[in-house]
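Undergrad: Below is a structure I'd like to ask you about.
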Amino acid sequence: MNRADKALASTDTALEAEQIESWLADHPDFFLGREQLLCNMQLEHACGDSESLLLYQLQLLRQNLKDQQQRYQQLLNNARDNEKRLKRVERLLVKLVEANNTEELVSLLQEQLQQDFDIPRIQLWSYTNLSSLPRASEQQQQQQLDLLGQHQARSLTLEPGVTSLLGLDGMTSGSAILCRLSHTRTLGLLVLAHPSVQHFRQQDTLFVEHLCAVISRLLSRDRLGFRPD
């Protein structure tokens with residue numbers, strides 16, 4: 001047999017195997033009443049000394065069951081983590097709503113984020129006339145908003161020039177989430193920072209966006225006080 005004939009035979013064998021596999025997939029009851037055939041089948045697989053297809057199937061079923069149990073446990077753990085996180089968020093929002101002025105709001109925000117969310121650095125910038133907040137110059141505002149781009153919130157890696165722009169004195173590296181404070185207009189910027197470069201990397205910003213929406217509404221209320229321009 002020449003090389004071409006061998007190649008053709010190999011192709012025919014592969015095609016035949018695919019056809020058999022497809023047929024067996026459509027007829028899973030084929031081996032019912034043919035158990036002896038199963039017992040005589042030999043397979044090369046990662047099941048150690050297992051010799052029969054039935055034992056191999058049992059091994060696969062056990063592994064699938066184990067995988068399903070692990071996935072279920074992971075889902076359960078995630079649900080518990082989400083429940084704990086929700087309670088922390090509720091506690092944070094209640095405290096913020098109870099704030100009597102901007103200064104108290106900022107203090108409560110820093111305290112709760114540090115204690116319950118492991119966020120050691122929080123900075124708020126005012127772009128308008130919000131009292132008790134550092135006011136960014138027009139140049140600072142533009143540079144800070146350039147970091148956000150078209151996003152409402154965004155995570156980024158901190159570098160020396162960026163930390164200075166965001167008012168994160170003493171930090172030379174790390175990660176941060178920036179979020180625009182706005183209510184009918186842009187009010188300022190919320191900065192959450194962590195010394196770990198990985199902490200906020202690729203993190204979902206949905207929680208921070210909701211938090212900023214609440215903070216913006218509270219800051220815009222007259223009872224929290226505005227200072228005249």
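The values are calculated or read from the model by the stated rules, or taken from the named source; none is laboratory data. Quick caveat: nothing in here was measured; it's all calculated off a predicted structure. All Cβ positions, even for glycine, are placed from backbone atoms using ideal geometry, and neighbour counts span all protein chains on display.
Undergrad: Tell me which residues, restricted to the range 52-92, are in contact with a helix residue (DSSP H, G or I) (Cβ under 6 Å, 6 or more places away or on another chain) and free of Cβ contacts under 8 Å to residues at least 60 places away in the same chain. So that I can check it myself, show each step before the final result.
TA: The first filter runs over the range 52-92 and keeps only residues in contact with a helix residue (DSSP H, G or I) (Cβ under 6 Å, 6 or more places away or on another chain), leaving 52-54, 88, 92.
Listed by number, the residues that qualify are S52, L53, L54, R88.
Undergrad: So, in the range 53-73, how many residues would count as being within 23 Å of the chain's Cα centre (by Cα) and either modelled with pLDDT under 90 or not in a helix (DSSP H, G or I) (or both)?
TA: The total comes to 0.
Undergrad: Looking for something closer than 19 Å to V89 by Cβ, modelled with pLDDT under 90 and of a type in the set (A, V, I, L, M) - is there at least one such residue anywhere in the range 127-147? If you could, list the steps in order and put the result at the bottom.
TA: Within the range 127-147, the subset closer than 19 Å to V89 by Cβ is none.
The answer is no, given that none of the residues of the range 127-147 is closer than 19 Å to V89 by Cβ, modelled with pLDDT under 90 and of a type in the set (A, V, I, L, M).
Quick grid of which residues meet (1) within 18 Å of S182 (Cβ to Cβ); (2) within 28 Å of the chain's Cα centre (by Cα); (3) not in a loop (DSSP other than H, G, I, E, B):
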{"site": "A99", "(1), (2), (3)": "no, no, no"}
{"site": "E104", "(1), (2), (3)": "no, no, yes"}
{"site": "L109", "(1), (2), (3)": "yes, yes, yes"}
{"site": "L133", "(1), (2), (3)": "yes, no, no"}
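Undergrad: Of all residues in the range 114-129 being touching a residue at least 40 places away in the same chain (Cβ under 8 Å) and in contact with a Lys or Arg (Cβ under 8 Å, 6 or more places away or on another chain), which is farthest from I177 (Cα to Cα)?
TA: Initially, the range 114-129 is screened for residues touching a residue at least 40 places away in the same chain (Cβ under 8 Å), giving 118-129.
Narrowing the set further to residues that are in contact with a Lys or Arg (Cβ under 8 Å, 6 or more places away or on another chain) leaves 125-129.
Numbers: W125: 14, S126: 17, Y127: 18, T128: 21, N129: 23 Å.
Within the range 114-129, the match that is farthest from I177 (Cα to Cα) is N129.
One line per residue, one yes/no per condition, for (1) out of contact with any Gly (no Cβ under 9 Å at 6 or more places or on another chain); (2) under 18 Å from D118 (Cα atoms); (3) modelled with pLDDT of 90 or more:
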position: A153; (1), (2), (3): yes, no, yes
position: L168; (1), (2), (3): no, yes, yes
position: S175; (1), (2), (3): yes, yes, yes
position: L189; (1), (2), (3): yes, no, yes
position: Q203; (1), (2), (3): yes, yes, no
position: L218; (1), (2), (3): yes, no, yes
position: D229; (1), (2), (3): yes, no, no
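Undergrad: Please list, ordered by first then second residue, the pairs with beta carbon atoms under 6 Å, 6 or more apart or interchain, first in the range 18-43 and at pLDDT below 85 and outside any loop (DSSP other than H, G, I, E, B), second surrounded by 10 or more Cβ atoms within 10 Å (Cβ to Cβ) and polar (S, T, N, Q).
TA: Taking only residues 6 or more apart or on different chains, the pairs are C39/S52.
Undergrad: Further question on the same structure: Those residues that are polar (S, T, N, Q), within 24 Å of the chain's Cα centre (by Cα) and either closer than 18 Å to R185 by Cβ or in a helix (DSSP H, G or I) (or both), I need them from the range 111-131; list them, please.
TA: We begin by selecting, within the range 111-131, every residue polar (S, T, N, Q); these are 112, 114-115, 123, 126, 128-129, 131.
Of the ones still in play, those that are also within 24 Å of the chain's Cα centre (by Cα) are 112, 114-115, 123.
Matches in the range 111-131: Q112, Q114, Q115.
Undergrad: Follow-up. Which residues, counting only those in the range 143-163, are under 16 Å from L181 (Cβ atoms) and not in a loop (DSSP other than H, G, I, E, B)?
TA: Within the range 143-163, Q144, L145, L147, L148, A153, R154 qualify.
Undergrad: In addition: Specify which of the listed residues (T163, T157) is out of contact with any Phe, Trp or Tyr (no Cβ under 6 Å at 6 or more places or on another chain), more than 20 Å from Q110 (Cα to Cα) and of a type in the set (S, T, N, Q). Walk me through how you get there before you give the answer.
TA: Working: T163 fails: more than 20 Å from Q110 (Cα to Cα).
Step by step, each of T163, T157 is checked, and only T157 is out of contact with any Phe, Trp or Tyr (no Cβ under 6 Å at 6 or more places or on another chain), more than 20 Å from Q110 (Cα to Cα) and of a type in the set (S, T, N, Q).
Undergrad: May I pose another question? For the range 178-194, check the following and say yes or no: at least one residue is in contact with a His (Cβ under 7 Å, 6 or more places away or on another chain) and either farther than 21 Å from R135 by Cα or part of a helix (DSSP H, G or I) (or both). Write out each step before concluding.
TA: Narrowing the range 178-194 to residues in contact with a His (Cβ under 7 Å, 6 or more places away or on another chain): none.
Scanning the range 178-194 turns up no residue that is in contact with a His (Cβ under 7 Å, 6 or more places away or on another chain) and either farther than 21 Å from R135 by Cα or part of a helix (DSSP H, G or I) (or both).
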